[in-house]
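Novice: Below you'll find the structure I mean.
The values are calculated or read from the model by the stated rules, or taken from the named source; none is laboratory data. Model, not experiment: these values are computed from the prediction. Positions of Cβ are backbone-derived with ideal geometry, glycine not excepted, and every protein chain shown enters the neighbour counts. Each accessible area value is taken on the protein alone, full model and side chains, heavy atoms only, with ligands, DNA and RNA left out. Shrake-Rupley method; radii C 1.70, N 1.55, O 1.52, S 1.80 Å.
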Protein chains: 2
Amino acid sequence: MLSQHDVISDLAELLGADIVVAPDASNIVRHMSDFGVRGDPAVAILALTYPRDTQQVAAILRYCNQRQIAVQPQGGMTGLVGGAVPVRPCVVVCMERMRAIREIDTASATMTVEAGVVMEAVQRAAEGAGMFFPLDLGGRGSCQIGGNLSTNAGGNRVLRFGMARELVLGLEAVLADGTVISSLSKVIKNNTGYDLRQLFIGSEGTLGIITAVVLRLFAKARHVCTGISAVDHYQGVLDLLQRARTGFGPQLTAFEVMWPQFYQIGTVGLGRKPPLEPGYGAYVLIETMGFDPEADQRRYEEIIGAAMEAGIVRDAIIAQSQREASELWAVRDSPGEWQRSAHWPQLSFDVSVPTGEIGDLIGQIGATLEARWPTLQALYFGHVADGNLHVSVGMAGHSVPELEIERAVYELVSGRRGSISAEHGIGSLKREFLHLSRSPEEIALMRTIKQAIDPNGILNPGKIF
Amino acid sequence: MLSQHDVISDLAELLGADIVVAPDASNIVRHMSDFGVRGDPAVAILALTYPRDTQQVAAILRYCNQRQIAVQPQGGMTGLVGGAVPVRPCVVVCMERMRAIREIDTASATMTVEAGVVMEAVQRAAEGAGMFFPLDLGGRGSCQIGGNLSTNAGGNRVLRFGMARELVLGLEAVLADGTVISSLSKVIKNNTGYDLRQLFIGSEGTLGIITAVVLRLFAKARHVCTGISAVDHYQGVLDLLQRARTGFGPQLTAFEVMWPQFYQIGTVGLGRKPPLEPGYGAYVLIETMGFDPEADQRRYEEIIGAAMEAGIVRDAIIAQSQREASELWAVRDSPGEWQRSAHWPQLSFDVSVPTGEIGDLIGQIGATLEARWPTLQALYFGHVADGNLHVSVGMAGHSVPELEIERAVYELVSGRRGSISAEHGIGSLKREFLHLSRSPEEIALMRTIKQAIDPNGILNPGKIF
């Protein structure tokens, strides 16, 4: 085994001294934790590397592969499951210096960027070119596009634009042995053999390090309508979803459901005036994005109005300004403020089941918690049209082991063939629950692919499986 | 090597006599050709099999894998590149008996079907449930959904709904060794390890046989607007595309460009009255699908009107009825009638380059043909917003070897990092040109994956690479 000193001096010689940094107490902290997992300080980082281009990434991987040294790829460290947190002695590869926006091609509606570009920089560059990049999530100011793709990020606009996977036309990645797989294509249609992009998207850096991508851009909407509708029960949510889909078609960009206790905490629980009275069965924030401002606003009012006349919607508020829209979104986005509410600390879940079953799943989770730990309280909210439910269990004053609650919830999700990680990935945190969403045959096939592409297992070891 | 007789009696014993058929002159024809490639009659089919369920497919593959017998998966045989045409002695697995539509879930907006269901049956079942399945192409009456996915079919609505890949939520497939990989998930968000669906979509049956899928459904549009606009040159096409994208947003479902010689053949060349005068630089069929009939039609007229005032569109016609819309589409769909025109026989191409470069590519192809074979005439048309260009070279009275023309065109496409097969796949027909669209590193990685998943190479040998 090479010493830390050897590795650093080898890499400095290979790449130049400015690319390699020796880890010490002052520089290591931000490389040892993400937003969900605090790393084990006993794990040794052999070197921190900050490559400037794809060839340097390739040189680092080639060096490490020949010596069977583990490699930890890192982006903005905003993950929630420890996907980029080292668990073995390793060389860390930080992508932050690869932050060029290489090209915006408005005719192709594409942007070619390096993997270390921050999401918000992509969004702004698109806007600067009069276009729109739809991927968006809370970490936008620091997460990097390479990390977004390696985790197949979801976020706020999946209903209309899909997951990160669906926003990629071309991709370049470096394999464990340093081979560069470059396919920076700008075309939507390309049926020439296997779609290798898909190996790297969502595999959490275990099959290769993404170095550059061609992203899809879209036309920027001219008008946004936002409102909250109150319904009596989950069947009302489903009826309203049906009306929203058939009424708005592809203009429907958000259908966010908040259950009563969530609504309570997100409004009065945080000292905010509720936009609609508390006490209904569920609250639905519906957003549309369109290109015909007057017709869009009229249509929004018509469709919600018709749902009220049909008795599905019991009360509704429709924003008349950007400021009012922001106030409605603030209720949905209130989890970011929970630290100052009674619902803190909390244990959160990000699961998926078929949309029609979410109401039943909530009933089951509630009954299970009630039976086993009667004093625990859970809140529910989610991107229901995507089948995605967030559950948050208040842990204040409780000593129930988190692992037991997790197991109980994930087993209910598994029973409905759901996903135990809708958008956050597996990382190290959910490894032991992977079998609840994927069959032994699926996991064996994942291992076969891993073994074939990274036979020494150097890339992000200890993650996913 | 087992004899044909042994294989048939073994499989009949394993599966039942009704599943296995001995090939003979009367039943073999439809299994030996697709729409583009006529098979070599010297290739021996050992047995024709017609499994009724996934377990039978698994049993056939397990049997063949143990004996290293090649397996030829077959769907509706509507491919254009020989992907399902046997090139080695093999057992044929026909999916046509697996044609159950298992479930339509309107809340999840999904349909679960077996792989042998014909595309048109999926479209109709969606319509019957008040929804819409957008995948559509000329072979709709006989192509099967399993084949559509294994070739990642494109077709008429990619601009809005994406390729087949983007319409799949869950998938079940059988590996070469008979292992069933089942992930019939109905949720959009599922970040639990590698996305194994992607291995089977677009890999032309070389990594597994797809047996069932969960498809995405959409709301059915309430109004369709269709028109043709004439512009002076390719810059006018790009300007109009920009206006269509920003004016119609996600309602834009078709942007089909026809160059003058194509327009000539498709109208007067077939005895049809041209909807707009001949002689313009290009003709663009624009279609929108929306949910607000009156506003949509008004908006269509406004946007085309504004493009005329700006001098981009020189003349335009907008359909006022379904019948008029069909007449406009008939011009675009005229290749189906070319057999009765002067432009027959023809050699056709399906390539992609970045949208902004299509005008230049046409110039290059024209100049190359002119320089080498001055009497050859080429027509151009395509899904320009997808970067997809179709080229058709009239071969009447010519003895130029097709292979030489293909090489010349594909090299120009390759020089622009384009795709030599936008939607048709590689099969056996384009194998020797694969290297013009994919790098040696990419092809090596494809082979690594193939070797890992199908180590005996039994699945659809002789295709792609």
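Novice: Which Cα, out of A:223, A:304, A:444, lies furthest along the positive dipole direction of chain A (beta carbon charges, K/R +1, D/E -1)?
Specialist: A:444
Novice: At 7 angstrom along the Cα-to-beta-carbon line, where would the label on residue A:455 sit relative to the other copies? Give the distances in nm, shortest first.
Specialist: 1.2
Novice: Going by amide H atoms built from the backbone, whose H comes under 5 Å of the H on residue B:132, apart from near neighbours?
Specialist: B:218, B:220
Novice: Let me know the shape class of the range B:216-371, please: from the alpha-carbon gyration tensor, a ≥ b ≥ c as square roots of the eigenvalues, rounded when a/c is under 1.5, otherwise prolate if a/b is greater than b/c, or oblate.
Specialist: prolate
Novice: Under 5 Å between amide hydrogens, which residues at least 5 positions from residue A:169 or on another chain qualify, with H placed 1.01 Å from N in the peptide plane?
Specialist: Residues meeting the criterion, in which the H sits 1.01 Å from N, are A:214, A:215, A:216.
Novice: Karplus couplings for the range B:204-211 from phi (6.51 cos²θ - 1.76 cosθ + 1.60, θ = phi - 60°), rounded to Hz, Gly and Pro as x?
Specialist: 6, x, 8, 10, x, 10, 6, 10
Novice: Could you size up the charge dipole of the protein assembly as shown around its Cα centre, putting +1 on the beta carbon of Lys and Arg and -1 on that of Asp and Glu, and report it in debye to the nearest 20?
Specialist: 520 debye
Novice: Residue by residue, what Karplus-based ³J(HN,Hα) values in Hz, rounded to whole numbers, does the range B:137-145 have, using 6.51, -1.76 and 1.60 with θ = phi - 60° and x for Gly and Pro?
Specialist: Karplus values, whole Hz, x for Gly and Pro: 7, x, x, 3, x, 9, 5, 10, 5.
Novice: Which FRET efficiency value, to the nearest 0.05, do you get for residue A:100 and residue B:235 by plugging their Cβ-Cβ distance into 1/(1 + (r/R0)^6) with R0 = 25 Å?
Specialist: So, using R0 = 25 Å, E works out to roughly 0.30.
Novice: Charges on Cβ only, +1 for Lys and Arg, -1 for Asp and Glu, centred on the Cα centroid of the protein assembly as shown; of A:150, A:435, B:322, which one is farthest towards the dipole's positive end?
Specialist: Of the candidates, A:435 comes out farthest on the positive side.
Novice: Another question, then. Would you please put B:428-434, B:442-448, A:304-310 in order of how densely packed they are, using the mean number of other Cβ atoms within 10 angstrom per residue and starting with the highest?
Specialist: B:428-434, B:442-448, A:304-310
Novice: Pop a pseudo-label 7 angstrom from the Cα along the beta-carbon direction at both residue B:18 and residue B:223 and give the gap in nm to one decimal.
Specialist: Rounded to a tenth, the inter-label distance reads 5.2 nm.
Novice: Also, I was wondering about something else. Among DSSP beta bridges lying fully in the range B:6-107, give the percent that are antiparallel, nearest 5.
Specialist: Once the DSSP bridges in the range B:6-107 are tallied, antiparallel ones form about 25 percent.
Novice: With θ taken as phi - 60° and the coefficients 6.51, -1.76 and 1.60, list the Karplus ³J(HN,Hα) couplings across the range B:342-349 in order, rounded to whole Hz; mark glycine and proline as x.
Specialist: For the range B:342-349, the Karplus curve yields 6, 8, 7, x, 9, 10, 10, 10 Hz.
Novice: May I ask you to rank B:402, B:287 by accessible area, largest first, using a 1.4 Å probe over the protein chains only?
Specialist: Highest to lowest solvent-accessible surface, that is B:402, B:287.
Novice: Percentage of Cα-Cα pair distances in chain B greater than 37 Å, rounded to whole percent?
Specialist: 31 percent
Novice: While we're on this one: Under the convention of a label 7 Å out along Cα→Cβ, give the distances in nm from residue A:398 to the same position in every other copy, shortest first.
Specialist: Values, ascending and in nm: 7.4.
Novice: Using a simple charge model, +1 on the beta-carbon of Lys and Arg, -1 on the beta-carbon of Asp and Glu, nothing else, what dipole does the range B:1-141 show about its Cα centre, in debye to the nearest 20?
Specialist: Here the size comes out at about 200 debye.
Novice: Placing a label point 7 Å from Cα toward Cβ, how far apart in nm is residue B:25 from its equivalents in the other copies, listed shortest first to one decimal?
Specialist: Copy-to-copy label distances at residue B:25, shortest first: 9.1 nm.
Novice: Taking the full set of protein chains and a 1.4 angstrom probe, give the accessible area of residue A:49 in square angstrom, rounded to the nearest 10.
Specialist: Per-residue accessible area (residue A:49): approximately 0 Å².
Novice: Find the centroid of the Cα atoms in the range B:96-171 and in the range A:405-465, then give the distance between the two in whole Å.
Specialist: Answer, in whole Å: 29.
Novice: With the Cα gyration tensor of the protein assembly as shown giving a ≥ b ≥ c as the square roots of its eigenvalues, does the rule (a/c under 1.5 for rounded; else a/b larger than b/c for prolate; else oblate) give rounded, prolate or oblate?
Specialist: Rounded is the answer for the protein assembly as shown, as its axis ratio a/c remains below 1.5.
Novice: Treat every Asp and Glu Cβ in the range A:311-376 as -1 and every Lys and Arg Cβ as +1, leave all other atoms uncharged, and give the resulting dipole magnitude about the Cα centre to the nearest 20 debye.
Specialist: 140 debye
Novice: Find the centroid of the Cα atoms in the range A:250-315 and in the range B:1-79, then give the distance between the two in whole Å.
Specialist: Between the Cα centre of the range A:250-315 and that of the range B:1-79, the gap is 56 Å.
Novice: Which listed residue (A:16, A:208, A:141) has the Cα farthest towards the positive end of the charge dipole for chain A, taking +1 on Lys and Arg C-beta and -1 on Asp and Glu C-beta about the Cα centre?
Specialist: The Cα lying farthest towards the positive end belongs to A:16.
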